[in-house]
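In what follows, a single structure is set out as structure tokens and then discussed.
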Amino acid sequence: MSQAPAKIDLDRLKELLAGVNAFGTNPASGGFNRTGFSDAHMASIDWFEDQMRRSGLATSRDGAANLFGRTGTGNGPSVMIGSHLDTVIEGGAFDGALGACVALECVRAIQDAGLTLQSPIEVVATSEEEGRFGGMLGSQTITGQVSETWLDGAADANGLRLKDAMTAQGLDPDEILSSDRSTDSAKAFLELHIEQGPVLEREGTDIGIADRVSGICNLECVLTGVANHSGTTPMSMRADAFAGLAEVSVAIPSLIKEYGTDASRITIGKVELSPNHTHTVPGEAAFTIILRDADEAVMRNLRSQMVQTIQRISEAHSLSHTVSERSWLSPVTLDPDLVKRGLKRAKNLGYSVKCMPSGAGHDAQTMQALCPSMLVYSKQRRHQPFT
């Protein structure tokens with residue numbers, strides 16, 4: 001059997017990526033909408049599974065709709081490679097989909113070269129990585145990190161329950177709790193992802209190898225005051241929920257400066273005011289806070305300080321407040337040996353490469369609980385098409 005070097009077929013990879021992105025595309029905006037367990041997301045899984053089967057992979061799905069395509073002989077532990085197919089609302093063309101498509105193209109290239117595998121390979125397309133319902137459901141299911149309590153209460157920002165969304169797609173959400181993989185089923189997990197940031201592009205570096213991944217805390221906050229007429233209510237007599245929200249936002253840089261690190265991030269991402277009328281003082285402000293850092297102790301202190309700040313500002317503006325935690329993902333150190341191997345391999349292939357932390361959450365951080373995991377960043381060229 002030939003042992004020629006495997007070579008990526010770029011045109012075939014482009015075609016595969018375009019096929020995934022045919023689902024949920026918005027021609028008006030150029031964005032893609034395959035939110036977790038939407039019709040477009042489920043259709044993309046079906047299509048990708050067909051592509052796996054056409055390439056001779058044995059496919060299967062688990063209770064969270066994670067898709068697996070296995071190749072190679074024997075029942076031993078596999079090397080798992082892949083990423084996710086779901087997107088955020090108006091997501092980008094490469095986020096997640098590129099990693100899943102590259103994984104399948106790698107298998108196709110190995111087949112073309114006639115290489116013999118020492119270990120089976122499983123191409124993985126994880127489900128609901130983007131956290132529509134909180135967390136990273138697909139990889140957390142694989143690693144047994146989904147609790148029954150969390151599953152019962154999980155809902156998206158509009159109040160749709162995870163269980164209802166899955167049931168509407170003909171899935172049984174309770175199967176999630178019995179879909180974890182054993183630690184002897186996988187040798188390693190490898191994930192390719194676009195950086196989603198400017199570091200590699202600005203430095204002119206080709207590849208990043210992540211040595212650690214920041215944790216993520218997702219908070220839902222509500223400030224409640226009194227909705228009143230904007231003309232008849234004196235400034236000194238208002239309980240303005242938006243004024244409180246604005247002050248919370250202004251306090252974030254000082255919180256990070258005093259209690260955070262260079263890896264700290266606090267973001268107010270989604271805001272809803274009620275009543276949302278031109279001549280009405282807002283009586284309620286509901287918003288999300290996403291808090292990140294690579295050190296769990298720093299994260300917990302920042303969370304505590306953030307809650308205390310919200311309480312102090314609420315009292316100053318005569319507001320009541322609630323803060324609830326939707327999800328918590330701890331920071332993770334990725335496998336040092338795989339980091340070392342990745343850096344060496346990239347250099348040997350002639351690429352510029354750097355070791356770097358990941359500020360964004362990815363499946364690799366969750367999969368590290370199951371097996372040694374590696375996260376490779378490709379440079380995101382904002383003004384250059386995929387070549």
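The values are calculated or read from the model by the stated rules, or taken from the named source; none is laboratory data. Note that the structure is a prediction, hence the values are computed from the model and not measured. Every residue, glycine among them, receives a Cβ derived from its backbone with ideal geometry; neighbour counts consider all protein chains shown. For the accessible areas, the whole protein counts, side chains as well, though only heavy atoms, and no ligand, DNA or RNA atoms are used. Shrake-Rupley method; radii C 1.70, N 1.55, O 1.52, S 1.80 Å.
Listing for the model above:
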{"quantity": "Cα-based helix-to-principal-axis angle, 296-316 vs the chain, degrees rounded to 10", "calculated": "20 degrees"}
{"quantity": "Sulfur and carbon atoms: percent of accessible area, region 59-171 [1.4 Å]", "calculated": "50 percent"}
{"quantity": "Of Thr278, Thr183, Thr233, the one that fluctuates the most in a GNM where the chain has Cα springs shorter than 10 Å", "calculated": "Thr278"}
{"quantity": "Anisotropy class of region 190-294 from Cα gyration tensor, a/c 1.5 cut", "calculated": "prolate"}
{"quantity": "Kirkwood-based shape ratio for region 246-387, expressed as Rg/Rh from alpha carbons", "calculated": "1.09"}
{"quantity": "Net charge dipole size for the chain [Lys, Arg +1 and Asp, Glu -1 on Cβ; Debye, nearest 20]", "calculated": "1100 debye"}
{"quantity": "Probe 1.4 Å, protein heavy atoms only - accessible area per residue of region 183-320 in square angstrom", "calculated": "49 Å²"}
{"quantity": "Pairwise label distance in nanometres, Asp262 with Ala168, each label 7 Å out on the Cα-Cβ vector", "calculated": "4.5 nm"}
{"quantity": "Mean Cβ count within 10 Å, highest first, over the residues of peptides 346-353, 116-123, 32-39", "calculated": "32-39, 116-123, 346-353"}
{"quantity": "19 Å Cα-Cα reach of Lys340 towards lysines, excluding residues that sit fewer than 8 places from it in its own chain", "calculated": "Lys187, Lys354"}
{"quantity": "Debye log10 I(q)/I(0) for the chain, one point scatterer per Cα, at q = 0.12, 0.13, 0.15 Å⁻¹", "calculated": "-0.98, -1.12, -1.41"}
{"quantity": "Inter-centroid distance (Cα atoms) of region 246-285 relative to region 153-225, Å", "calculated": "24 Å"}
{"quantity": "Antiparallel bridges, percent of DSSP beta bridges restricted to the chain (to nearest 5)", "calculated": "70 percent"}
{"quantity": "For the chain, with +1 on Lys and Arg beta carbons and -1 on Asp and Glu, the positive-most of Ser185, Trp150, Asn276 along the dipole", "calculated": "Ser185"}
{"quantity": "Ordering of 261-268, 284-291, 236-243 by burial proxy (mean other Cβ atoms within 10 Å per residue, highest first)", "calculated": "284-291, 236-243, 261-268"}
{"quantity": "Percent of Cα pairs exceeding the 15 Å cut-off, where the set is region 15-80", "calculated": "59 percent"}
{"quantity": "Accessible surface of region 255-385, 1.4 Å probe, proportion on carbon and sulfur as whole %", "calculated": "47 percent"}
{"quantity": "Between 0 and 90°, nearest 10: helix 10-20 axis offset from the chain longest Cα axis", "calculated": "40 degrees"}
{"quantity": "Residue list for region 210-238, given a label point 7 angstrom along the Cα-to-Cβ vector of Ala155 and an amide N cut-off under 20 Å", "calculated": "218-225"}
{"quantity": "Sites Ser178 and Asn276 - FRET efficiency at Förster radius 45 Å, r taken between beta-carbons, to 0.05", "calculated": "0.55"}
{"quantity": "Peptide ranges 200-206, 332-338, 85-91, 184-190 listed from the most packed, as the mean C-beta count within 10 angstrom indicates", "calculated": "85-91, 184-190, 332-338, 200-206"}
{"quantity": "Accessible area per residue, Å², region 116-163 with all protein chains present, probe 1.4 Å", "calculated": "37 Å²"}
{"quantity": "Ser324-Thr116 FRET efficiency (beta carbon distance; Förster radius 56 Å; 0.05 resolution)", "calculated": "0.60"}
{"quantity": "Sum of -39500 (n - 2.57) over DSSP H runs of 4+, divided by residues of the chain (222 nm, nearest 500)", "calculated": "-10000 deg cm²/dmol"}
{"quantity": "Charge dipole (debye, nearest 20) of region 187-277; +1 at Cβ of Lys and Arg, -1 at Cβ of Asp and Glu", "calculated": "280 debye"}
{"quantity": "Whichever lysines have a C-alpha closer than 18 Å to that of Lys14, once near sequence neighbours (fewer than 8 apart) are set aside", "calculated": "Lys379"}
{"quantity": "Length released on extending from Arg202 to Lys14, taking residue separation times 0.36 nm less the Cα-Cα span", "calculated": "65.2 nm"}
